Amino acid sequence: MSHEGIRISSKEQKVREAEENQPLPRIAVTPEKVRVLLTEGKGMEIDWADGHKSKWSFAWLRAACPCATCEQERKAEGRAPGQPQPRPAELLPMYTPPAKPASAQPVGRYAIQFNWLDGHASGIYSWDYLRRNCQCQECAFAGSETSGAPN
């Protein structure tokens, strides 16, 4: 609940937000190997320095774009990162090509940026953002346990 910039939140919500904002160990956000599978059109894979392996589809990555415009749009619609926009019910739905980047390039030592075929290119996916949004079964299970969501 908020009023004129004042935000009131429960004690549990404050604890959850504090835990989510804790910095991850450096080894957890240091990629050893990054594979962007452009030719195959599959997505991206990262082997992390701590031994963890993560995979994301291009559709998930495009829907999880961390740029300010996409973040604001998702927040207004109540969508989580990676959750696609709801499609309007149409009599004859138009074909939408699958999300795919034209290219990808590193941003310093902390992130990767995609130039999407739909023309969007402002999202910078930090290693921290990607690790916090890992799509593997192990991380999804751990996330559902900490959020209190039913399994």
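The values are calculated or read from the model by the stated rules, or taken from the named source; none is laboratory data. All figures in this text were calculated on a predicted structure; none of them were measured in a lab. Every residue, glycine among them, receives a Cβ derived from its backbone with ideal geometry; neighbour counts consider all protein chains shown.
Taking the criterion of being farther than 27 Å from Ala28 by Cα and surrounded by 14 or more Cβ atoms within 10 Å (Cβ to Cβ), would at least one residue in the range 96-104 satisfy it? Looking through the range 96-104, at least one residue is farther than 27 Å from Ala28 by Cα and surrounded by 14 or more Cβ atoms within 10 Å (Cβ to Cβ).
Checked against the criterion of being at pLDDT below 90 and β-branched (Val, Ile, Thr), the candidates Thr69, Thr96 yield just one match: Thr96.
In the range 13-24, of all residues being under 19 Å from the mean Cα position of the chain (by Cα) and surrounded by 10 or more Cβ atoms within 10 Å (Cβ to Cβ), the one that is modelled with the highest pLDDT corresponds to Leu24.
Of all residues in the range 108-130, those that are more than 21 Å from Thr96 (Cα to Cα) have Cβ atoms under 6 Å from Cβ atoms of residues that are surrounded by 16 or more Cβ atoms within 10 Å (Cβ to Cβ) and at pLDDT below 95, 6 or more apart or on another chain, in Trp127/Val29; Asp128/Val29.
Would you mind listing the helices (runs of 4 or more DSSP H) fully within the range 46-150 where at least 3 residues are more than 13 Å from the chain's Cα centre (by Cα) and over 17 Å from Arg35 (Cβ atoms)? Qualifying helices (runs of 4 or more DSSP H): 68-77, 137-147.
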